[in-house]
Each structure stands twice: as structure tokens, then as C-alpha cells.
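Below is one structure. I have some questions about it.
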Amino acid sequence: MEYVFDTPGPVRLRITIGAGDIQVDTEDRTETEVHVVALNRAAEEAVAQMTVRCEERGGRYEVVVEEPKRGFVSSLFNTAEIGVRVRCPHQADVQLQTGSGDARVQGDVDSAQARTGSGDMAFDSVRGDLSVNSASGDVTAGDIGGACSVKTASGDVRLTRVDGELLATLVSGDLNVVWANGSTTVQSVSGDLHIGAIAAGEVRLQAVSGDIHVGGRPGLRLFIDATSVSGDMTSELDSAEG
């Protein structure tokens, strides 16, 4: 099924499915195109009953793509899989919710929120804040201009750059951040934590059995308070006098 909406202003995109696949592409355009397909035979009825609508509120266009309530719940326990493809203007606000569906957002969005059970979530560029809550899915993001909050049990987290505050909670997943420009707080049980470079703010990292590696921007002055029960600690930095 195919839908085209005239959206010449800011867009808020909200997508909810149980299982399947979500693909969002932001482009230099003033329309929002939505394609909904059944990825297997079990999803044909759910696709026919999908809610797809666009509402203008105060100059903002809210585009909603939702699987029927009963279909959303039941799809967590059956094989129904729905594919959602969206092409919308740049700098949209994106809200995603899936049971086990994967999601990929390509292009430039203003902010993003995602909740999933076991689906993988991937974002190219987020100008503002990013918030992801996942049970076992992996989380991948490029540049994040605002704050980033990630919670996952067994999924891995890979972030290229976070300019705002970073808050992450993991159980057994690994965290890899190339560049953290703001305050950073990460808690993990058995996952490894790797931050390529920190630039400013307070960095608090805690792990029970995982390894921790932290790099610093060249010339950065640091005060380090590190403790370990059974692990080894090493530093490649020269200690300042006093």
C-alpha cells in the first residue's frame, strides 16, 4: 500500500509495528511517502488494517504509521512481518516502536526515539537528542548533536560522536564510542566499554567484569579516580607533579 502526503513544514514521524523492517530516508523534499508491504503471507491481514495518516498541528505535520493494536500484540508471538518504507523531509522528528523489527534511519533527522524488544536500531545523523531503549537489539548511530540515552540488556552499542551528555546502561552488551564531547556516564555488568576520545566534562564508567578503555583528546588535563577489585589497571599518560 502506498501513501503520499504534502508536508511542507516540520515533520514528526511515528511508526509502530510488531515484527518486520523499517526504513526511513530523509531527503530534500516537501512530501512524505509511505510504503507498507507484507513481508510474508501471515502479515497480509495486518497490512490491510494499518493506520496511516497525516495531521497538521500548528504548522507541524504528524505522520503516523501503526499496526492494528491486536495485530501489534499478536505479531510478537507469530510470524507476521511488515515492511515500512518512508521518504520524508530532512530534520524530521522520528519515533519508532517495534517488538522484533529492525529499523534503519538514513539521512539527517532532528531528534529520534526508539523502543524495541530484539530489533536492531541504526541512525545516520541526529542533530538533537537520541533515546533508545532495547532489550537485545544492537544500537548504531553516527553523529549525535545533542544528548544520547541508551539502555540495552544484551545488545551492542556503537556511536561515532556524541556532542551532548551520554548516558548508557548495559548488561552484557559492549559499548564503543569514537568521540564523546560531553559528560559521560556508563554502567555495564559484563560488557566491554571503549571510548576512543573524551573532550570535556565528567566521565563516570563502571563495569563488573568487563574491560574499560578510555582515550583523551590531545592536551586535555585529566584527574583520574580509578578502582578495581580483581582487574588490572594501566595508563599511558604522564603523571603531572602533585
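Ignoring any ligand, DNA or RNA, what whole percent of the accessible area of the chain comes from carbon and sulfur when the probe is 1.4 angstrom?
Its accessible area is 45 percent carbon and sulfur atoms.
Using the alpha-carbon centroid of each, what span in Å lies between region 191-217 and region 104-159?
For region 191-217 versus region 104-159, the Cα centre distance is 19 Å.
For the pair residue 3/residue 206, report the inter-label distance in nm, with labels modelled 7 Å from Cα in the Cβ direction.
Result: 4.4 nm between the two label points.
If R₀ is 22 angstrom, what is the calculated FRET efficiency for the pair residue 235 and residue 158, using the beta carbon separation as r and rounding to 0.05?
That pair, residue 235 with residue 158, gives E of 0.30.
Okay, next question. Select from 63, 188, 112 the residue farthest towards the positive end of the dipole of the chain; place +1 on Cβ of Lys and Arg, -1 on Cβ of Asp and Glu, and compute about the Cα centre.
63
Can I ask one more? Scanning the chain for chymotrypsin sites (Phe, Trp or Tyr not before Pro) in DSSP loops with at most 16 other Cβ atoms within 10 Å, what's the longest stretch left with none?
Answer - 78-222.
Starting from 0.36 nm per residue, how many nanometres of slack lie between residue 53 and residue 225 once their C-alpha separation is accounted for?
Length difference between fully extended and current span is 56.6 nm.
Going by amide H atoms built from the backbone, whose H comes under 5 Å of the H on residue 90, apart from near neighbours?
27, 29
Counting Lys +1, Arg +1, Asp -1, Glu -1, what net charge surrounds residue 104 among other residues with beta carbon under 11 Å of its beta carbon?
-4
To the nearest 20 debye, what is the magnitude of the charge dipole of region 60-189 about its Cα centre, counting +1 on the Cβ of each Lys and Arg and -1 on the Cβ of each Asp and Glu?
It comes to approximately 240 debye.
Apply the a/c threshold of 1.5 to the C-alpha gyration tensor of region 84-242 and tell me whether it is rounded, prolate or oblate.
Oblate, because a/c is 1.5 or more while a/b does not exceed b/c.
Further, regarding this structure: Rank 116, 140 by accessible area, highest first, at a 1.4 Å probe radius?
From most accessible down to least: 140, 116.
Would you mind working out the accessible area per residue for the chain, using a 1.4 Å probe, and quoting it in Å²?
Accessible area per residue, the chain: 52 Å².
Give me the dipole magnitude in Debye, nearest 20, for the chain about the Cα centre, with unit charges on the beta carbon: positive for Lys and Arg, negative for Asp and Glu.
It works out to roughly 540 debye.
Can I ask one more? Using 0.36 nm per residue of separation minus the Cα-Cα distance, give me the extension gain between residue 176 and residue 79 in nm, one decimal.
Computed gain between residue 176 and residue 79 is 31.6 nm.
Still on this structure, I have one more. Using a 1.4 Å probe and counting only protein heavy atoms, arrange 148, 54 so the residue with the most accessible area comes first.
Largest accessible area first, the residues go 54, 148.
Another question, then. Can you find, among 226, 7, 205, the residue farthest towards the positive end of the dipole of the chain? Put +1 on the C-beta of Lys and Arg, -1 on that of Asp and Glu.
Among 226, 7, 205, the one farthest towards the positive end of the dipole of the chain is 7.
May I pose another question? Residue 23 label point, 7 Å along Cα→Cβ, cut-off 16 Å on backbone N: hits in region 78-98?
Inside the label zone: 82-88.
If the elastic network links every pair of Cα atoms under 10 Å, which of 165, 67, 44 fluctuates the most in the Gaussian network model of the chain?
In the Gaussian network model the winner is 44.
The values are calculated or read from the model by the stated rules, or taken from the named source; none is laboratory data. Fair warning: this is a prediction, and the values are worked out from it, not measured in the lab. Neighbour counts run over all protein chains shown; Cβ positions are idealised from the backbone, glycine included. Surface accessibility is based on the protein's heavy atoms, side chains included, excluding ligands, DNA and RNA. Shrake-Rupley method; radii C 1.70, N 1.55, O 1.52, S 1.80 Å.
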